[in-house]
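The values are calculated or read from the model by the stated rules, or taken from the named source; none is laboratory data. Nothing here was measured: the structure is a model prediction, and the numbers come from that model. Positions of Cβ are generated from backbone atoms using ideal geometry, with glycine treated the same way; all protein chains shown enter the neighbour counts.
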Amino acid sequence: MKKGILVFLCFSMLSWTGLSLKAQEVTFRWFGQGCFLMVTSQNTKIIVDPMQIAGYKIPSDIKADIVTVSHEHGDHNKVDAVSGSPIVLRGLSGEVIDRKIKDVRFFTVDSFHDDTQGSQRGKNAIFIYEFDGIRVAHLGDLGHVLTDAQVQKIGKIDVLMIPVGGTYTIFGESADKVVMQLKPRMIVFPMHFKTDQAQFLPYSGEDYIQGKANSEKLDGNSFSFNPKSPPSSLQFIVLNYK
């Protein structure tokens, strides 16, 4: 085989491999509070817990395919802040959610917004998402350490989005206990924490990851990875909201 043809084939294979790996990436973007955009490798766009708070905004050019709502508080259920015509799944609708939409399976586990069986702030739905061979849990505004039954229902988790800001949700030792209960395999994204736009919360994302190994505060609000090449150990990633 001529040298020029061999070089061309090698370059083509490397380029194809790079594109293939890129195509398998999943992306998580955080917009403040509990609001995330998840994008699967098939480009399915899921907005989680949309909010409408001064200083926090979901970009209008993002047209979601699906929106999930963990509970009906104003900083988690602003579906009209999402562009497009998404399918909306409300965790507290009274119906058991366990369905497949496009390339994603969704199901919920009941929980509470406080540690008194919901007497202060009501119920909260934990959403689990399965796509690209991974399982992702968004805990909403969880207000308590999980029960054994809840842990069993949630099952094995690869990526965990957990509130850590305190006052209205778990924080500190309670959040650490939940992480230990669920044992996420790849990434923990703290959420619902104090920022310059959420001064009413006592604890920041940096407060939560302080002293934790394999932790990082990013300048941007986006993190992508290939589920087939996951981190070698659990990572704690704090995102910016912009």
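The set of residues from the range 56-89 being under 22 Å from P163 (Cβ atoms) and of a type in the set (V, I, T) comprises I58, I66, V67, T68, V69, V79, V82, V88. Apart from one condition, S224 fits all of (1) in a strand (DSSP E or B); (2) free of Cβ contacts under 8 Å to residues at least 60 places away in the same chain; (3) hydroxyl-bearing (S, T, Y); the exception is (2).
Screening E72 on (1) modelled with pLDDT under 95; (2) in contact with an Asp or Glu (Cβ under 6 Å, 6 or more places away or on another chain); (3) within 21 Å of F31 (Cα to Cα) shows it passes everything except condition (2). Residues of the range 52-69 that are touching an Asp or Glu at 6+ places or on another chain (Cβ under 9 Å) and either among the charged types (D, E, K, R) or over 17 Å from I126 (Cα atoms) (or both): Q52, I53, G55, Y56.
Can you name the residue in the range 204-220 that is touching a helix residue (DSSP H, G or I) at 6+ places or on another chain (Cβ under 8 Å) and of a type in the set (S, T, Y) and is also farthest from E173 (Cα to Cα) among such residues? Among those that are touching a helix residue (DSSP H, G or I) at 6+ places or on another chain (Cβ under 8 Å) and of a type in the set (S, T, Y), it is S215.
Results for (1) free of Cβ contacts under 8 Å to residues at least 24 places away in the same chain; (2) farther than 18 Å from Q120 by Cα; (3) touching a helix residue (DSSP H, G or I) at 6+ places or on another chain (Cβ under 9 Å); (4) not in a helix (DSSP H, G or I), shown as yes or no for each residue.
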position	(1), (2), (3), (4)
V145	no, no, yes, yes
G166	no, no, yes, yes
T169	no, no, yes, yes
V179	yes, yes, no, no
P202	no, yes, no, yes
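Restricting to the range 181-196, name every residue that is in contact (Cβ under 8 Å) with a residue 60 or more places away in the chain, closer than 14 Å to G166 by Cα and not in a loop (DSSP other than H, G, I, E, B). Of everything in the range 181-196, just one residue is in contact (Cβ under 8 Å) with a residue 60 or more places away in the chain, closer than 14 Å to G166 by Cα and not in a loop (DSSP other than H, G, I, E, B), namely M191. Just for the range 20-58: of the residues that are of a type in the set (G, A, S) and at pLDDT 95 or above, which one is nearest to K228 (Cα to Cα)? Checked the range 20-58; the qualifying residue nearest to K228 (Cα to Cα) is S41.
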